[in-house]
Amino acid sequence: MIDPVSLFLLCAAWALIVVVRITFKKIVDWFRERKALKEQDKRNIAFTIKTEMEAGNYVLCQGIFNTDTEVVLDCQKLKYKEMDQELINAHQSQPLVIYQ
């Protein structure tokens with residue numbers, strides 16, 4: 001399994017986008033826009049990693065990662081204060097979520 005900390009660090013170079021509230025739909029829409037990239041290689045996976053920052057803020061890294069080359073092919077980092085219930089449920093038991 002992928003180490004969430006290592007994967008988060010691979011996303012560190014990507015620009016940070018600040019939003020007030022993030023929704024599961026926005027996450028899924030971003031992945032749909034990159035469907036061709038994900039499907040180029042069966043080892044490309046879609047993921048999100050949630051981390052808690054200071055002052056009640058959170059950062060969610062979302063991207064496409066190749067498990068063979070260990071390269072993040074595309075990524076965005078979102079800083080936010082709120083997320084919808086569906087996204088809370090997805091990340092409830094672990095910071096790293098893999099999407100099919």
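The table below lists the values:
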item: Calculated FRET efficiency for the pair Q94/D68, C-beta based, R₀ 25 Å, to 0.05; result: 0.65
item: Principal-axis tilt of helix 24-33 within the chain, Cα atoms, nearest 10 degrees; result: 30 degrees
item: Dipole magnitude of the chain, debye to nearest 20 (Cβ charges: Lys/Arg +1, Asp/Glu -1, about Cα centre); result: 260 debye
item: In Hz, Karplus ³J(HN,Hα) per residue of the range 36-49 (6.51, -1.76, 1.60; θ = phi - 60°; x = Gly, Pro); result: 4, 5, 4, 7, 4, 8, 5, 8, 7, 10, 9, 8, 9, 10
item: Residue among V72, V19, V59 with the largest mean-square fluctuation in a Gaussian network model of the chain, springs linking Cα atoms under 10 Å; result: V19
item: (i) 48, 13, 11; (ii) 21, 15, 13; (iii) 40, 15, 10, with the label sought being that of the calculated semi-axes √(5λ) of the Cα gyration tensor in Å; result: (ii)
item: Residue-averaged 222 nm ellipticity for the chain, from DSSP H runs of 4+ at -39500 (n - 2.57), nearest 500; result: -7000 deg cm²/dmol
item: Pairs from K35/K81; K50/K81; K38/K79; K38/K81 whose Cα-Cα separation, in the structure shown, is over 18 Å; result: K35/K81; K38/K79; K38/K81
item: Trypsin sites (Lys or Arg not before Pro), loop per DSSP, at most 11 other Cβ atoms within 10 Å - longest free stretch of the chain; result: 44-100
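No lab work stands behind these numbers, since they all come straight from the coordinates. Worth saying up front: this structure is predicted, and the values here are computed from it rather than measured. As a convention, Cβ positions derive from the backbone with ideal geometry for all residues, glycine included, and neighbour counts pool all protein chains shown.
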